[in-house]
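As structure tokens, the structure follows; a few thoughts come after it.
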Ligand code: BF8
């Protein structure tokens, strides 16, 4: 008997998505939810990670009957090679994003990018100072050019460890040096990873996995770190900003344009151009009340953090946004863009426009973003969207009346300022709160949506439970948007659910208990925050000692593999709500957990149940607190029996 299709309520958590999936069914439009059903059970060998396609004698697969491939590679080698290739791909994606920004930044410094400028001069000076670049008495462009060249060498460095590593605490760096995983530039690391996983090269699973950690450091303390810093200089360091999230941000009477992807250069230009009087006039002439720009995925996070632009949704809502029938144009660049978008759009009037030569999709209109005439390029895109307004079919339009208010924009600088004010900006109050036990620790909850999990459900349940247990939450990516859609990114709503200690601290300093820190490249902000805690003192001398845990509840992309690896290599335990494709090798599973923890201070733990994950996170945090010797003091000083019961310690 055919398996019954899942009901929308079983697939997604939010009402906007439920309504729009039902609409897709009525409109006979295929979505990822339908295709996931059609896929059935995933390939067993792929899931175990024991399928080897590295040479053309195969593909080989490991089974009890054939424990080695044709060349003799066993499960350990095959699984580790596949894992390293995933990490390299994730590193490449973030780093290529960072490199594009670095090239653009260099052009700005050289005065060759008339439409862009250095928006945040303070950030330029702050970041240049971190790299040892002299700022006093020098012209802005001179500083920017030296910094741009430094950033470029962070990708190409062949023999020198990255300069960005110096931003990590000394003891954390010493671990990398001792274990020989200090990376060179991502360009070399990714090439070396591909070489080592070629047929007949590196066969020791431990050596391959160490290379995965090393490669990922070229991302977290290299390419992605550079991307965040350049974005802050070019477009501004984020500060708390109000906005809204979910499909209800689309507007019935306006031309709706959605930006989707990752790089902020075009979306920033669009965010300016929508307010151009010429554009407003053009929209009015087309019968619209104006132009409404909204974002999806991490492009949304970039322009949300700096401009408060509304978020239409996270990863698994990209097709649903088109199915509302209210989107004139979806502008896409790189990463996490489903190739299905043009076929979904074919049932409506939406134009899907690709904007970069490195990311084209059959069925999309390609309008290369001309960075030398960026503003004009942005205006042309918007005008094309306005021209398409007349093609909207009101009978096909259904915008869910679902959106939630939120506050985002918590860069490390913003947190420091909020904790201490402009004269005493510092992490001291946070460190003290952790030492006193009011805040037990920190969880970085990051990553994607994955069709294998009811959308947002693991993310939201774990977040809810952890704030109850007085854990401060730092968020990025689609996981942050999940909290936004659930209405948990405002101080009022989340404070009502936070434990007493966390609530008191948040109320005193004026921060919400769940802090939206940005896009996926901005995971580096979480590392920066952990480093700040170390520098502030009292919570250990390396990131590994801080009572902090990383969580990737619904991850799905290779970028998430790289992120997880650089968290672990930085000393942070990472809980996975979805497993890696490694279970075909017990040795690899063990090495990524216990082996990594022994060497770097953090390891990977897969826990499919969110409540079990909460228990594990609390035990990891409490173990670190015990090691720091801060639990005794806090209990004597602050907690009575009632408090103890409520914190479940
Ligand atoms: O880089 S969280 S689905 S959008 S990969 Fe993609 Fe995952 Fe979303 Fe941003 Ni990150």
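The values are calculated or read from the model by the stated rules, or taken from the named source; none is laboratory data. Note that the coordinates shown come from a computational prediction; the quantities given were computed from them, not determined experimentally. So basically every Cβ, Gly included, is an ideal-geometry build from the backbone, and we count neighbours across all protein chains shown.
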- request: Could you check, for the range 255-269, whether at least one of its residues is over 20 Å from the mean Cα position of the chain (by Cα), on the phi < 0 side of the Ramachandran plot and either within 16 Å of the ligand (Cβ to nearest atom) or surrounded by fewer than 19 Cβ atoms within 10 Å (Cβ to Cβ) (or both)?
  value: no
statement: Inside the range 466-481, the number of residues satisfying the requirement of being within 16 Å of the ligand (Cβ to nearest atom) and either surrounded by fewer than 24 Cβ atoms within 10 Å (Cβ to Cβ) or in a strand (DSSP E or B) (or both) is 3
- request: Give me a count of the residues in the range 37-57 that are surrounded by fewer than 19 Cβ atoms within 10 Å (Cβ to Cβ), outside any loop (DSSP other than H, G, I, E, B) and at pLDDT 95 or above.
  value: 4
message: With the structure loaded, tell me whether residue 605 is part of a strand (DSSP E or B) and either away from the ligand (no atom under 16 Å from the Cβ) or assigned by TED's automatic domain parsing to the domain that holds residue 170 (or both) or whether it fails that test.
response: yes
task: Kindly establish whether residue 484 is over 23 Å from residue 425 (Cβ atoms), more than 16 Å from the ligand (Cβ to nearest atom) and surrounded by 20 or more Cβ atoms within 10 Å (Cβ to Cβ).
output: no
message: Within the range 300-307, does at least one residue satisfy the condition of being outside any helix (DSSP H, G or I), crowded, with 24+ Cβ neighbours inside 10 Å and touching a helix residue (DSSP H, G or I) at 6+ places or on another chain (Cβ under 8 Å)?
response: no
task: Please indicate, with yes or no, whether at least one residue in the range 455-465 is assigned to a helix (DSSP H, G or I) and more than 20 Å from the chain's Cα centre (by Cα).
output: yes
message: Can you tell me which residue is nearest to the chain's Cα centre (by Cα) among those in the range 545-562 that are farther than 15 Å from residue 459 by Cβ and surrounded by 24 or more Cβ atoms within 10 Å (Cβ to Cβ)?
response: 559
- request: Identify, by number, the condition in (1) within 16 Å of the ligand (Cβ to nearest atom); (2) more than 30 Å from residue 219 (Cα to Cα) that residue 497 doesn't meet.
  value: (1)
query: When you look at residue 195, is it over 30 Å from residue 491 (Cα atoms) and without any contact (Cβ under 8 Å) to a residue 60 or more places away in the chain, yes or no?
result: yes
task: Identify the residue in the range 533-564 that is within 14 Å of the ligand (Cβ to nearest atom) and part of a helix (DSSP H, G or I) and, among all such residues, is nearest to residue 602 (Cα to Cα).
output: 564
- prompt: What number of residues in the range 436-454 are more than 12 Å from the ligand (Cβ to nearest atom), buried (at least 24 other Cβ atoms within 10 Å of the Cβ) and outside any loop (DSSP other than H, G, I, E, B)?
  reply: 3
task: Collect the residues in the range 261-290 that are in contact with a helix residue (DSSP H, G or I) (Cβ under 8 Å, 6 or more places away or on another chain), within 17 Å of residue 236 (Cβ to Cβ) and in a loop (DSSP other than H, G, I, E, B), keeping them in residue-number order.
output: 263
- prompt: In the range 495-532, which residues are surrounded by fewer than 24 Cβ atoms within 10 Å (Cβ to Cβ), outside any helix (DSSP H, G or I) and out of contact with any strand residue (DSSP E or B) (no Cβ under 9 Å at 6 or more places or on another chain)?
  reply: 510
query: Which condition breaks for residue 406 when tested against (1) crowded, with 22+ Cβ neighbours inside 10 Å; (2) farther than 23 Å from residue 300 by Cβ; (3) not assigned by TED's automatic domain parsing to the domain that holds residue 523?
result: (2)
statement: Of the conditions (1) touching a helix residue (DSSP H, G or I) at 6+ places or on another chain (Cβ under 9 Å); (2) buried (at least 17 other Cβ atoms within 10 Å of the Cβ); (3) under 19 Å from residue 232 (Cβ atoms), the single one that residue 457 does not satisfy is (3)
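Yes/no matrix, rows are residues, columns are (1) farther than 21 Å from residue 94 by Cα; (2) within 16 Å of the ligand (Cβ to nearest atom); (3) surrounded by fewer than 19 Cβ atoms within 10 Å (Cβ to Cβ):
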site: 229; (1), (2), (3): no, no, no
site: 275; (1), (2), (3): yes, no, yes
site: 287; (1), (2), (3): yes, no, yes
site: 291; (1), (2), (3): yes, no, no
site: 298; (1), (2), (3): no, yes, no
- prompt: When you scan the range 312-339, how many residues do you find that are more than 12 Å from the ligand (Cβ to nearest atom), in a loop (DSSP other than H, G, I, E, B) and farther than 24 Å from residue 368 by Cβ?
  reply: 3
- request: Could you tell me whether residue 16 is surrounded by 13 or more Cβ atoms within 10 Å (Cβ to Cβ), in contact with a strand residue (DSSP E or B) (Cβ under 8 Å, 6 or more places away or on another chain) and either assigned to a helix (DSSP H, G or I) or not assigned by TED's automatic domain parsing to the domain that holds residue 457 (or both)?
  value: yes
- prompt: Limited to the range 577-591, what total is found for residues that are closer than 26 Å to residue 297 by Cα and surrounded by fewer than 23 Cβ atoms within 10 Å (Cβ to Cβ)?
  reply: 4
- request: Restricting attention to the range 341-391, report how many residues are closer than 18 Å to residue 286 by Cβ and assigned to a helix (DSSP H, G or I).
  value: 14
Residue that is nearest to residue 210 (Cα to Cα) [pool: residues in the range 64-85 that are out of contact with any strand residue (DSSP E or B) (no Cβ under 9 Å at 6 or more places or on another chain) and exposed (fewer than 13 other Cβ atoms within 10 Å of the Cβ)]: 72
